[in-house]
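Step one of this worksheet: look at the structure below.
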Amino acid sequence: MQIYNTLARQKEEFLSPGSKVRMFVCGPTVYDYSHIGHARTYVVFDVVAKYLRHRGYEVFYLQNITDIDDKIIERAKQKMINPADLALEYKEAYYEDMKSLGITAVSEYAPATQYIPEIVSQVKQLIEKGIAYLIEDDGYYFDLVKFPDYGKLSGRTTQSAEDAVSRIDESIKKRNRGDFALWKFSKLEEPGWNSELGYGRPGWHIEDTAMTEKHFGFQYDLHGGAQDLIFPHHEAEIAQMESISGKKPFVKYWIHPGFLTVSGQKMSKSLGNFITIRDALKKYPAEALRMMILMAYYRSPIDYSEENLRQTEAAVNRLAEFTNRLKNIEKSLLRSSTPKLELIEKIKENFEKEMDDDFNTPKAIASLFDFVREVNPLIDERKISSEDAKKSLEMLNEFDQILSIIPKKSQEIPPEIQKLISERETIRQAKDFIHSDQLRDQIKNLGYEIEDTNYGPLVKKLASP
Ligand code: AMP
């Protein structure tokens with residue numbers, strides 16, 4: 001298997017099949033509902049973990065939840081509620097959203113506030129090594145000059161770390177502009193923990209290394225997060241952990257999916273150009289949202305518009321209708337003289353070949369649509385046996401365990417209507433639009449409306465008069 005590794009800036013051979021994979025992905029800061037940009041990142045990693053398991057790897061997938069952060073404190077102040085209550089509310093909402101998106105691959109969610117002793121211990125070690133320093137009445141900071149490797153993930157240098165300053169890292173008393181906070185003293189009215197470091201709260205980067213050291217030790221296999229986290233967040237994690245352990249590399253493979261954008265700009269809370277996962281799922285099935293995400297190569301941006309979701313809704317309906325047709329054949333005990341569907345093996349091979357190539361989901365999904373295209377006419381002509389229908393369904397189910405793009409609940413379209421739709425599609429493909437329009441009317445009179453999309457006909461039952 002080949003995986004694009006940000007650290008190597010190229011595709012690399014992944015661990016040998018059957019290996020244990022310790023995988024960590026940066027989770028959300030829980031101060032609001034998640035949007036479909038977040039969904040992109042977490043759907044991608046859901047598929048990564050599930051596919052690795054499908055390939056025989058033993059994956060432990062850990063994801064943090066940032067439940068203490070200045071954004072949380074700020075929002076709680078605005079709402080005049082306790083920051084811990086705000087974080088709890090949105091952490092629960094995040095779990096609900098993940099569940100409705102079919103994201104089930106995470107082995108354990110790790111809220112930062114449950115790792116305070118581990119965080120304090122790491123900061124203490126950095127102080128003892130002379131890498132962390134104190135700014136009175138402010139906190140402890142990481143001295144970037146002490147880690148010459150800083151920038152190896154992103155290709156930047158300490159000097160070019162100007163924009164490393166983020167969140168709670170601002171202070172004019174820092175030794176270097178890019179130095180980042182490890183432990184920030186809290187004012188009495190702010191949330192904090194009494195520790196040997198003083199009453200305070202963790203910096204943004206330290207929670208991740210504290211929890212991964214606890215679960216995985218000094219080094220592990222796979223770390224992910226969207227591309228904005230490469231710098232400074234992941235760079236800072238490397239600096240912290242390699243300084244403490246003296247062991248390199250901290251992580252072997254780094255995966256960074258691209259953004260979901262709107263008119264070319266990253267979807268984000270601050271720009272106000274977002275749509276929450278729960279709002280999107282009120283209008284479209286989760287499978288359509290996953291399909292929209294997985295139809296793009298994970299490192300490329302996806303420019304979102306609602307039209308994308310309408311198109312992918314048609315695509316997932318098509319898969320659902322196809323599986324329904326196969327289920328009808330499976331029940332029919334049809335014995336056919338056609339040779340066994342060698343196509344199933346071919347599609348399976350193709351799917352795995354594409355996924356093995358850096359999780360190329362668009363090409364893997366295209367091979368499933370090839371299958372639909374080739375098998376639908378065989379169903380029309382009753383040339384597929386119930387045994388082959390069963391095998392086809394098994395293959396589709398196996399892949400859908402990874403992708404979750406086939407709706408489980410779908411409208412049942414009667415076989416006679418399905419046959420007409422299929423005939424019309426053949427006629428339409430042959431550009432005989434007069435006849436295909438006549439068939440569309442005929443189908444409409446039977447109570448079903450057809451809309452043609454890039455992924456074939458989207459069929460909806462008309463409301464009864
Ligand atoms: P946050 O809660 O802002 O820390 O974000 C949680 C995760 O979602 C991080 O990995 C972000 O990089 C990722 N993320 C945020 N916005 C987007 C977006 N528009 N597209 C893809 N990933 C995003």
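Converting phi to 3J(HN,Hα) with the Karplus coefficients 6.51, -1.76 and 1.60 and the offset θ = phi - 60°, the stretch 175-189 yields 6, 10, 4, x, 4, 10, 6, 9, 9, 10, 5, 9, 6, 4, 7 Hz in sequence order, with x at every glycine or proline.
For the chain, which DSSP H helices look membrane-span-like by this rule: Cα extent along the axis of 27 Å or more and mean Kyte-Doolittle of at least -1.0? The partial results should precede the final answer.
Details: long enough: 306-332 (39 Å, -1.12); 361-380 (29 Å, 0.35).
Answer set is 361-380.
Using only the C-alpha atoms, the convex hull of the stretch 354-465 corresponds to 128 Å³ per residue. For Y199 and Y109, the difference between the fully extended length at 0.36 nm per residue and the C-alpha to C-alpha distance is 29.8 nm. Between the amide H of G139 and those of F185, distances stay under 5 Å, these residues lying 5 or more places away or on another chain, with hydrogens modeled in the peptide plane.
Counting neighbouring beta carbons within 10 Å and listing from fewest to most, the residues F216, F399, F147 come out as F216, F147, F399.
Using a Förster distance of 60 angstrom, determine the FRET efficiency expected from the C-beta separation of K327 and M80, and round it to 0.05. Working shown, then result.
Details: r = 54 Å, r/R0 = 0.91.
About 0.65, to the nearest 0.05.
Radius of gyration over Kirkwood radius for the chain, both on Cα atoms: the Rg/Rh ratio is 1.06.
Here K152 is the anchor, and the lysines within straight C-alpha reach of less than 27 Å, apart from those fewer than 8 places off in the same chain, are K11, K20, K124, K129, K173, K174, K184, K214, K247, K248, K252, K266.
The ranking of K99, K383 from fewest to most other beta carbons within 10 Å of each one's beta carbon is K99, K383. The tail of the calculated P(r) for the stretch 2-262 beyond 36 Å holds 11 percent of all Cα-Cα pairs. For I384, I427, I255, I81, the sequence from fewest to most other C-beta atoms within 10 Å is I81, I427, I255, I384.
Using the Cβ-Cβ distance between I172 and R335 with R0 set to 60 Å, the FRET efficiency works out to roughly 0.15. Residues whose amide H comes within less than 5 Å of that of E12, counting only those at least five positions distant or on another chain, are I3, Y4, N5 (H built at 1.01 Å from N in the peptide plane). Considering only G37, M267, A315, and ranking their Cα positions along the charge dipole of the chain that arises from unit charges at the beta-carbon of Lys, Arg, Asp and Glu, the one farthest toward the positive end is A315. Once both labels are positioned 7 Å from their Cα atoms along Cα-to-Cβ, the gap between E306 and Y95 label points is 3.3 nm. Run the numbers on the chain and let me know its relative contact order in percent, using alpha-carbon pairs under 8 Å that are six or more apart. Relative CO of the chain lands at 15 percent. Listed by chain and number, the lysines whose alpha-carbon sits under 19 Å from that of K419, ignoring those within fewer than 8 places in the same chain, are K327, K331, K383, K431, K444, K460, K461. Here the calculated FRET efficiency for L462 and K383, from their Cβ-Cβ distance with R0 = 35 Å, stands at 0.65, rounded to the nearest 0.05. In the chain, the DSSP beta bridges split such that about 55 percent are antiparallel, to the nearest 5. Applying Stokes-Einstein at 4 °C and 1.567 mPa s to the Kirkwood radius of the stretch 306-403, computed over alpha-carbon pairs, gives a translational diffusion coefficient of 92 µm² s⁻¹.
Bear in mind these aren't lab numbers, they're just calculated from the coordinates by the rules spelled out. Given the structure is predicted, the values throughout are model-derived calculations rather than measurements. Reconstructed Cβ throughout: ideal geometry from the backbone, glycine too, with neighbour counts over all protein chains shown.
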